[in-house]
1. Roughly how many nanometres apart are two label points built 7 Å out from the Cα toward the Cβ at LEU13 and ILE107?
2. Please give the contour-minus-distance gain from SER204 to LYS171: 0.36 nm per residue of separation, less the Cα-Cα distance, rounded to one decimal in nm.
3. Ranked highest first by the average count of other Cβ atoms within 10 Å around their residues, in what order do 171-182, 36-47, 19-30, 63-74 fall?
4. If the limit is 28 Å between Cα atoms, which of LYS43/LYS134; LYS134/LYS171; LYS128/LYS171; LYS171/LYS202; LYS124/LYS171 go over it?
5. Which length gain, in nm to one decimal place, applies between SER164 and VAL80 when the Cα-Cα distance is subtracted from 0.36 nm times their residue separation?
6. Evaluate the distance, in nm, between pseudo-label points positioned 7 Å from the Cα of LYS119 and of GLU133 along their respective Cα→Cβ axes.
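Values in this text are rule-based calculations from the coordinates and carry no lab data. Since the model is a prediction, treat every value here as computed from it, not as a measurement. Here the Cβ is made from the backbone with ideal geometry for all residues, glycine too, and neighbour counts use every protein chain on show.
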Amino acid sequence: MRKLLTSNRGMTLIEVLATLVIMSILSGVIYSVFVTGLKLYQKIGIEGQLRDDADYVATMILNEMYNSPPNYILPYEDNVTGANGIQMVRYKPKNVEGFIVEDSTEIEDNILIYQENQKFYIEKLNEKNESMEKTEIQTVKVKNTTVTDGTNSETSSISIGSCSLTDSSGKCQHGRISLNLVIEDSNQGPNSFIKTKPLILKSSFGF
C-alpha cells in the first residue's frame, strides 16, 4: 500500500520578505533602464529639432543674401531697441546708353538682417531708410539664449566678420559674414523631465 506524502506547510515570513525584496530590486532595475532609454530617445529628438531649426535660420539668411547680392554691407546697430546685425545695400543695374556704361548709385534693395530681443529679423527699407516690410525668422521649438561657462559668453548674433575690399568711402564690398546661433528648447524649464544643453552653431560665409 502506497502512502501519499502531503504537507500543509506554507511560506514563512522570511521567504515572503525575501521574495518582496528581490521583486522590488528587479522592478527598480527594469524601471531605471526603461526611463533612461526613454530620456535618451527624447533627448536625441530634441537635439535633432534644434539642429533643424538652426539650419533653417542660417538658410533663410543665406537665401536673402544670395538672391540679391549686395554691392556693399554695413554694420547695423540700434541703441534704442538693442538690435544689432548688418545692412545690405544693392544698386540698380548699370545704365547702358550706346557704348557708354555707367555704374548706377541708385539704391534698389536696402535690407537689414539683425537680432533683436532674442529673435532674428529681415527688414526691407525704402530710399528714405524707412521700414517697408519686417519679417521674423520663425522657428518651431527654439529660442535664442545666452550661455556663460564662467569665462566666455555666447549669444546669437550676425555681424561682419572680416572685410577684404572697401570702396573710397569705407563701405565693405567684399568680406565674410559671421553668424552665431545659440538656441535651446523653449519647452524646457526648471522642472523639465528632459535636460538638454543649448546648441551653439558658428558659421561664416563670403559675399
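1. Here the answer is 9.0 nm between the modelled labels.
2. Answer, rounded to one decimal: 10.0 nm.
3. Highest mean packing first, the order is 171-182, 63-74, 36-47, 19-30.
4. Details: LYS43/LYS134 34 Å; LYS134/LYS171 24 Å; LYS128/LYS171 19 Å; LYS171/LYS202 25 Å; LYS124/LYS171 19 Å.
Where the Cα-Cα span goes over 28 Å, the pairs concerned are LYS43/LYS134.
5. 27.2 nm
6. Simple spin-label model gives 1.8 nm for this pair.
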